[in-house]
Amino acid sequence: MPDLVVRGDTEDIAIEDGKIVAIGPDLPGAAEEIDARGLHVFPGLIDVHLHFNEPGRTDWEGAATGSRALAAGGGTLFFDMPLNSTPCTVDAAAFDRKHAALAKSSITDFALWGGLIPGNVSEMAELADRGVVGFKAFLCDSGLPEFPRADDLTLFDGLREAARLGLPVAVHAESQEITQGLKQRIRPEERGSVRAFLASRPVVAELEAIQRATLLAGETGAKLHIVHVSSGRGVALAAEARAQGVDVSIETCPHYLFFTEDDMERLGAVAKCAPPLRDAVEQNGLWTQLLAGAVDIVASDHSPAPSEMKSGDFAQAWGGIAGVQSTLSVLLDRGYHCRQLSLERISSLIASEPARRFRIPAKGALVIGMDADLALVDLSRSAQLQPQHLMQRHPLNNPYLGSTFRGWVERTIRRGETIFASGEIAARTNGRFVRPNLCTI
């Protein structure tokens, strides 16, 4: 007898020892049964890009709260970025500290990115041995002096080393020269406005950096992952490089699909991010590319901060959006309901493609032998997001507050254990560290 059977409208899923052991209609009974009739069963969401800031800045967000918010949004696995933790994950010792901290606090499974900064290319092999999923580099100022941007030579050397190690490099693609040069041209008395911020980070800064990164990736034979592409033109440029043989994957974020720059003016610093939100024309172009299949992954880039860092002068406010709980909600509401984005395509964007691209074993699909990671969703339920729904730190700093979403996560199951149900956290055990399987293609 299996441990658990999830009863669906047409098929049931039997789970034993955290694995899917059978799928089909009218499966035999189990020690526990969950009635999922009337719900859609997604594979657990895999968020490949977020900042839980642990150790060191858990007052911004830690894995204890962040992983609970992820679970409430249907997530079962996250990849934590090498910043904004202290220390940043740029060597083996920092990796060990972060691994230990997350193992104690996360209710979802987790993986870790390593960092690529000037001077640490020699540390990449040790980070790979520890099990990082890849290496993150900024092509512009990261906002943290301890994580400096990768100049062109650092990026070139890092891509070559990553290719040797068989791991991808993720890049924040904005031109340092363009963004900083334009910022300096703005008159001091105007720098604190939303429009000045937007003017200092135009789409062309993203395009230039994507073009440079794909050129170097092609020259080195490295796997490249471009994070949080904010524009349809950016996706098209990366997709063109892929068509020419560059091994590049493309990620965007729910906030670029949901908000425009007009919303940033309305909401203020809670909607500040980099690259910034774009106008409606650029957003429509991004949706067009996503619907055409050019976008591979949608990830939250969850990067919250305390209220005092998201208020006052806009230019000095922390640039990060809190949205780890809303990725699936955005894709269902604005994608499935508004634009006929298929449920199969949503599963690919949030689960199967993240697992395939980063070679995460036993994750990302509802298939016999895989981990029993499931998100049970009521596609027809419509509800307005309120502070009491949010599991993150600083819920009032969430730009999605007050938005109505069609599609609501009712239950999240991680390796056969319900960790979220009916609006409450139900986890009894912590998550596990997950590392890529570099033997797979």
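The table for this structure:
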{"read-out": "Scope the stretch 350-390; condition closer than 30 Å to Met309 by Cβ and surrounded by 23 or more Cβ atoms within 10 Å (Cβ to Cβ); matching residues", "value": "Ile350, Pro354, Leu390"}
{"read-out": "Filter pass, Val295 being open to solvent by less than 40 Å² (accessible area, probe 1.4 Å), within 27 Å of Ala199 (Cβ to Cβ) and assigned to a helix (DSSP H, G or I)", "value": "no"}
{"read-out": "The stretch 12-51 - residue that is without any contact (Cβ under 8 Å) to a residue 60 or more places away in the chain and hydrophobic (A, V, I, L, M, F, W, C) and, of those, surrounded by the fewest Cβ atoms within 10 Å (Cβ to Cβ)", "value": "Ala31"}
{"read-out": "Residues being open to solvent by less than 50 Å² (accessible area, probe 1.4 Å), over 12 Å from Val434 (Cα atoms) and either in contact with a Phe, Trp or Tyr (Cβ under 8 Å, 6 or more places away or on another chain) or assigned to a helix (DSSP H, G or I) (or both) - total across the stretch 107-129", "value": "9"}
{"read-out": "Hey, Glu61 open to solvent by less than 10 Å² (accessible area, probe 1.4 Å), touching a residue at least 60 places away in the same chain (Cβ under 8 Å) and not small (Gly, Ala, Ser) or not", "value": "yes"}
{"read-out": "Residue list for the stretch 298-317, filter: among the aliphatic types (A, V, I, L, M), in contact with a helix residue (DSSP H, G or I) (Cβ under 6 Å, 6 or more places away or on another chain) and surrounded by fewer than 24 Cβ atoms within 10 Å (Cβ to Cβ)", "value": "Ala317"}
{"read-out": "Any chance Ala280 is in contact with a helix residue (DSSP H, G or I) (Cβ under 6 Å, 6 or more places away or on another chain) and either of a type in the set (Lys, Arg) or over 18 Å from Gly75 (Cα atoms) (or both)", "value": "no"}
{"read-out": "Residue list for the stretch 79-106, restricted to those being over 30 Å from Leu153 (Cα atoms) and surrounded by 24 or more Cβ atoms within 10 Å (Cβ to Cβ)", "value": "Leu102, Ser106"}
{"read-out": "Subset tally (residues that are in contact with a Leu (Cβ under 7 Å, 6 or more places away or on another chain) and on the phi > 0 side of the Ramachandran plot) for the stretch 132-163", "value": "1"}
{"read-out": "Which listed residue, of Thr58, Thr65, is closer than 26 Å to His255 by Cα, not hydrophobic (A, V, I, L, M, F, W, C) and not in a loop (DSSP other than H, G, I, E, B)", "value": "Thr65"}
{"read-out": "Among the candidates Ala170, Ala196, Ala162, Ala205, residue that is within 23 Å of Pro87 (Cα to Cα), in contact with a helix residue (DSSP H, G or I) (Cβ under 9 Å, 6 or more places away or on another chain) and open to solvent by less than 30 Å² (accessible area, probe 1.4 Å)", "value": "Ala162"}
{"read-out": "Exclusive hit being touching an Asp or Glu at 6+ places or on another chain (Cβ under 7 Å), surrounded by 12 or more Cβ atoms within 10 Å (Cβ to Cβ), touching a residue at least 24 places away in the same chain (Cβ under 8 Å) and under 22 Å from Ser303 (Cα atoms), set Phe433, Phe405", "value": "Phe405"}
{"read-out": "Which numbered condition Ile413 misses (of (1) modelled with pLDDT of 95 or more; (2) assigned to a loop (DSSP other than H, G, I, E, B))", "value": "(2)"}
{"read-out": "Tally of residues being outside any loop (DSSP other than H, G, I, E, B) and surrounded by fewer than 24 Cβ atoms within 10 Å (Cβ to Cβ) across the stretch 138-153", "value": "2"}
{"read-out": "Any hit, the stretch 318-329, residues being surrounded by fewer than 23 Cβ atoms within 10 Å (Cβ to Cβ) and part of a helix (DSSP H, G or I)", "value": "no"}
{"read-out": "The lone exception for Gly285 - which of (1) closer than 25 Å to Gly134 by Cβ; (2) open to solvent by 10 Å² or more (accessible area, probe 1.4 Å) it fails", "value": "(1)"}
{"read-out": "Matching helices (runs of 4 or more DSSP H) fully within the stretch 209-273 where at least 3 residues are open to solvent by 10 Å² or more (accessible area, probe 1.4 Å)", "value": "232-243, 261-267"}
{"read-out": "Some residue of the stretch 205-225 being touching a Pro at 6+ places or on another chain (Cβ under 9 Å), of a type in the set (D, E, K, R) and closer than 25 Å to His302 by Cα", "value": "yes"}
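Okay, residues lined up against (1) of a type in the set (Gly, Ala, Ser); (2) without any contact (Cβ under 8 Å) to a residue 40 or more places away in the chain; (3) not in a strand (DSSP E or B):
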| residue | (1), (2), (3) |
| --- | --- |
| Ala315 | yes, no, yes |
| Leu332 | no, no, yes |
| Cys338 | no, yes, yes |
| Leu341 | no, no, yes |
| Ala351 | yes, no, yes |
| Arg356 | no, yes, yes |
| Ile360 | no, no, yes |
| Lys363 | no, no, yes |
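The values are calculated or read from the model by the stated rules, or taken from the named source; none is laboratory data. Just so you know, these numbers come straight off a predicted model, no measurement behind them. Glycine gets a Cβ as well: all are built from the backbone with ideal geometry, and neighbour counts include every protein chain shown. Areas reflect the complete protein model, heavy atoms only, side chains present, ligands, DNA and RNA absent. Shrake-Rupley method; radii C 1.70, N 1.55, O 1.52, S 1.80 Å.
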